[in-house]
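Data first, discussion second: the structure below is written as structure tokens.
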Amino acid sequence: MIDLRLSLAEFYFEESYTLLRPIYNESVYFSNHLLLHSYMVSVKALQGKLEETLTLTKEAEDLLKQEFFEQNLDLGTKKQINHTLNLNKFYVYSHLKDFDSEEMQDLFEEVFTGSKTLYSNFLLMSEYLLNSNLEPAKLEELLNTNNFSINRVKHIISFVLLKRKEEDTGKQQLLERIEILRNRKKTDKTTFIENVFSDLLIAQQLYSLKQYGEIYSLLRKYEYNLDRIEVLELRVFMEAFIQVGAYKTGNPLGTALQYMAIKKCRQYGFSRLENKLLDYLNMQGKDTFNMISKNGY
């Protein structure tokens, strides 16, 4: 699960869940049953099964309210399960078309508080940092926090903090963001998906710099490894951005392929990503119009 090898993780979780579910209230492993349930929620969410994720989240929350768990579950395990569920709720809610960040402030605060002491899935935490609009003081607080999960996303925190502090985004600011991501600390535990996530963020900054050739050079190594990106939204985004880079370096099919990626977003309900890709297409259209105008066609 840490590597986000979702199919294999789901298989083992389901095997364990099948064994524990009939006996959870007769076994010393009752807490594992609930932890498994919360991890299953993460697997489903990252695979793009958003409606199923909400159903499983509600089931987990109902289990936590059962008298058996109220009496027997230790506080630390309760906190971890709730934190995992809150991260998943943020991930799902922030993808919905009617998402209203003002209505989610309590959830934002709960995730922020839990993340300082509890385990957080790398991708879910990164999505929270990018899309929760945390104020700079809280980002600074996380930068000064020392736990395994936060240490893995400190380059994302620094990246977001720099964006929050900038009033205008010029070339220098974009280059500084890229440097933060390129100079991120890597260890032998850095996973494939962490590199994917950072490279996509770099690609977005390169797009703003109109350095399209560098986008394709950066991302082409993933072109024949897309099946390793099991986080559905991330794979769709990677496909689209490889196509952006290819189109901008001379592939005439790039725009059509981007529309296919947008169609996938609509199919899976990834409204936020759909809007982002439409923005990129709009920017490309303006660039083309400006080029035509400049050359007097």
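Please state the charge dipole magnitude for the chain, taken about the Cα centre, from unit charges on C-beta atoms (+1 on K and R, -1 on D and E), reported in debye and rounded to the nearest 20.
The calculation lands at about 1280 debye.
With everything on Cα atoms, drop me the angle between helix 154-165 and the longest principal axis of the chain, reported from 0 to 90° to the nearest 10.
60 degrees
Cα extents of region 1-79 along the three principal axes, largest first, in whole Å?
34, 22, 22
Between S208 and R266, what's the calculated FRET efficiency when r is the beta-carbon distance and R0 is 22 Å? Round to 0.05.
0.30
If you line up the long axis of helix 171-182 against the longest principal axis of the chain, both from Cα atoms, how many degrees apart are they, to the nearest 10?
Roughly 40 degrees, rounded to the nearest 10.
Between Y12 and E109, what is the spin-label point distance in nm, taking each point 7 Å from the Cα along the Cα→C-beta axis?
Once both label points are built, they end up 3.8 nm from each other.
At a Förster radius of 30 Å, what calculated FRET efficiency corresponds to the Cβ-Cβ distance of T117 and I23, to the nearest 0.05?
So, using R0 = 30 Å, E works out to roughly 0.45.
Please build a GNM for the chain, connecting alpha carbons under 10 Å apart, and tell me which residue among E214, E141, E102 fluctuates the most.
E102
Within straight cross-link reach of K165, meaning Cα distance under 14 Å, which aspartates and glutamates are found once same-chain residues fewer than 8 apart are removed?
Within the straight-line limit of under 14 Å, K165 reaches these aspartates and glutamates: E135, E140, E176.
Filter the trypsin sites (Lys or Arg not before Pro) in region 153-202 to those in DSSP coil with at most 11 other Cβ atoms within 10 Å of their Cβ, and list the result.
K185, K186, K189
In whole percent, what relative contact order does region 18-125 give with Cα contacts below 8 Å and a gap of six or more residues?
26 percent
Explain nothing, just compute: Karplus ³J(HN,Hα) = 6.51 cos²θ - 1.76 cosθ + 1.60, θ = phi - 60°, for every residue of region 2-13 in order, whole Hz, x for Gly and Pro.
4, 7, 6, 8, 5, 5, 5, 4, 4, 4, 5, 4
Just grab the label-to-label distance for N146 and R228, each label 7 Å out from Cα along the Cβ direction, in nm (one decimal).
3.3 nm
Just so you know, all these numbers are worked out from the coordinates, no wet-lab data involved. Here the structure is a predicted model, which means the values were calculated and not measured. Counting neighbours? That spans all protein chains shown, and the Cβs are built from the backbone with ideal geometry, glycine included.
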